[in-house]
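The block underneath contains the structure these notes are about, expressed in structure tokens.
No lab work stands behind these numbers, since they all come straight from the coordinates. Remember, it's a predicted structure, so these values are computed and weren't measured experimentally. All Cβ positions, glycine included, derive from the backbone under ideal geometry; neighbour counts span all protein chains shown.
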Amino acid sequence: MTQLFLVRHGETDWNVTQRFQGQSDVPLNENGHQQAAAIAQRLAAEQIHAIYASDLSRAWDTASAIASHHEIDIAAEPRLREGSFGQWEGATYDELQQRHPEAVKAWHEDLGSFAPPDGETLHQLAARVASFYEHIQTKPQDETVLLVAHGGSLQILICHLLEIPIEKFWQFNLAHCSLSKISIYDEGAIINLLNDTSHNFE
């Protein structure tokens, strides 16, 4: 059995203003750094054998806060990056509806195959996340592996593990610096904890 710990990155200013971040390298804001410190303290006593993080700074800095409590090097993993929204990045949903109403309509009608200009489809995001998971499966069993990434890539991973259509990814809510725990068996995956943020209120 392999244990996966999933942590979404801390908050950024673009999260506050509800702007599409995608693969734009937006840093953590002050609150995001505080959230990262809280999840790092939460995981300080856990035995973690490996840490993988998206190489975007908001995820990498969150992972670095956690790794500071463990003698483990972080492995940069571009396949865990957020989905690319291309030319939509930096805009809010309301702005996109005003500027590109037909494109937003097409996106809602075909979540899996629609790509914003210069962006990627949900299926492309799912393919790289699945490729990364195949790598995880080569690791020895009975290890705890921490993944620090983004809402979209982690939601897609959960869908993949539970064999749920990726178009249902939005039904899993992952708050900033939330902790989820999933046990991986030969027969399938079991969610033991999902979207826990209790450490932020201690």
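Taking a sphere under 10 Å around the Cβ of LEU154 and counting the other residues whose Cβ falls inside, with K and R at +1 and D and E at -1, yields a net charge of 0. The ranking of GLU11, GLU102 by Cβ neighbour count inside 10 Å, starting from the fewest, reads GLU102, GLU11. With helices as the sole contributors, the chain gives -10500 deg cm²/dmol at 222 nm; each DSSP H run of n ≥ 4 counts as -39500 (n - 2.57), and the sum is divided by every residue.
Size estimate for the range 27-126 follows the Kirkwood approach: the inverse of mean 1/r over distinct Cα pairs works out to 15.8 Å.
Each residue in TRP170, TRP14 was given a count of other beta-carbon atoms within 10 angstrom of its own, and listing them fewest first yields TRP170, TRP14. Cβ-Cβ distance of ALA45 and HIS108, R₀ of 41 Å, FRET efficiency by 1/(1 + (r/R0)^6): the value works out to about 0.40.
Using Cβ point charges alone (K and R +1, D and E -1), the dipole size of the chain about the Cα centre works out to roughly 120 debye. Once the C-beta distance of ASP118 and GLN18 is scaled by a Förster radius of 30 Å, the resulting FRET efficiency is 0.90 to the nearest 0.05.
The slack between SER57 and ILE190, meaning 0.36 nm per residue of separation minus the straight C-alpha distance, is 44.9 nm.
The alpha-carbon of LYS105 sits under 25 angstrom from the alpha-carbons of these lysines, leaving out residues fewer than 8 places away in its chain: LYS168.
If you take every residue apart from ASP13 with its C-beta less than 15 Å away from the C-beta of ASP13, what net charge results, scoring Lys and Arg +1 and Asp and Glu -1?
That sum, taken over residues with Cβ under 15 Å, equals -3.
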